[in-house]
Amino acid sequence: MAITILIHVINQEPVKGEVDELPKPTDTSIICKNPRERNDKEFAWVDEGVTTVIFPWWRINYVQVLPSAEEEQEFPMLFRG
C-alpha cells in the first residue's frame, strides 16, 4: 500500500507524492512516485512521462505523512474548518 507524503523542499513549493515505505534514519534520499503539487496539479518542472523523482535529504526541510481515506473517516478532526 502506498503512503502519501508531502515533501517540503527548501525554497520550493511542497511536493505531494507516494512512497512504498517511510524513509529510515539511514536513508540519504526519498524516492517519490507521482510527484505533483499539493492540489494535485502537475509541476511545470517535471518532464512529461516522469513518474518517479529522487530528492536528496539535504534539500528537504521536513516531510508530512498525509492520512489515508480510511484514517480520515476514522478520526474526524472537528477543530479544523
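Nothing in this text is a laboratory measurement; each read-out follows from the coordinates by a stated rule. Quick caveat: nothing in here was measured; it's all calculated off a predicted structure. For neighbour counting, all protein chains shown are included, and Cβ atoms are generated from backbone atoms with ideal geometry for every residue, glycine included.
Points to keep in mind about this one:
- Which of E48, E37 has the fewest Cβ neighbours within 10 Å, and the rest in rising order: E48, E37
- Positive-end extreme of charge dipole, region 1-65 - chosen from W45, W57, A2 (charges on Cβ): W57
- Taking θ as phi - 60° and the Karplus parameters 6.51, -1.76 and 1.60, the scalar couplings of region 10-16 work out to 4, 6, 8, 5, x, 10, 9 Hz in sequence order, x denoting glycine and proline.
- Neighbour-count ranking [beta-carbon atoms within 10 angstrom, fewest first] of K24, K16, K33, K41: K24, K41, K33, K16
- Exposure proxy order (Cβ contacts within 10 Å, fewest to most) of V65, V15: V65, V15
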